[in-house]
Amino acid sequence: MQTDDSARERWPALMEQAQAGDQHAYTRLLSALVPVIRSQVRRQISDEAAAEDVIQDVLLTVHRVRHTYDPAWPFLPWLMAIISARTIDALRRRGRRQQWEVPEEAAPETAAIPDQPRLESEEELAAYLQQLPARQREIVEHVHLREMSLTEAAAHHNLSVAAVKSLLHRALNNLRRFGAHHE
């Protein structure tokens with residue numbers, strides 16, 4: 001059986017093989033990385049569902065930026081930078097959400113009356129969302145407007161977190177395209 005250090009020493013070679021298109025090497029690498037990623041994320045995020053979202057986000061980022069890794073350099077610092085960035089992003093999102101949560105009884109009465117410019121942008125947003133396929137629109141509404149976690153949205157729609165992320169990615173690309181055509 002390989003020691004932890006000797007297994008880690010193979011990571012640059014596995015990533016190099018994965019960059020060359022070796023799917024088996026890529027699968028082995030990702031399988032080896034998950035426990036390390038989980039361990040690092042759980043040190044900073046105690047909520048299990050939130051931690052799992054970050055782990056998935058790290059894996060997606062590794063996949064998306066795998067071409068940037070140079071096998072001549074150590075692998076672990078490259079991975080740790082990704083883990084750190086995704087964890088900080090999640091903590092910032094959670095902090096912003098908690099900062100803006102106000103008990104209903106503490107909310108001022110005027111908050112219920114939107115001013116006119118806000119109403120126009122809500123109508124504009126609704127018009128953009130209506131252009132999306134139904135499933136993409138529902139995912140955007142749940143994740144971005146109702147602030148559901150990816151895990152909650154996946155459970156609500158009976159999908160995997162990866163499927164929710166894929167739908168969300170396609171929806172946001174479509175919204176960007178719609179916005180570019182209307183400028």
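Each reported figure results from applying straightforward, stated rules to the coordinates on display, with no laboratory input. The model shown is predicted, which means the values in this text are computed figures rather than measured ones. Cβ sites come from the backbone with ideal geometry, for glycine too, and all protein chains shown count toward neighbours.
Quick notes on this one:
- Computed E for Leu76/Ala134 - FRET, C-beta separation, R0 41 angstrom, nearest 0.05: 0.40
- Couplings 3J(HN,Hα) of the stretch 39-54, computed from phi: 4, 5, 5, 5, 5, 10, 10, 8, 5, 4, 5, 5, 4, 5, 4, 5 Hz, in residue order, whole Hz [Karplus 6.51 cos²θ - 1.76 cosθ + 1.60, θ = phi - 60°; x for Gly and Pro].
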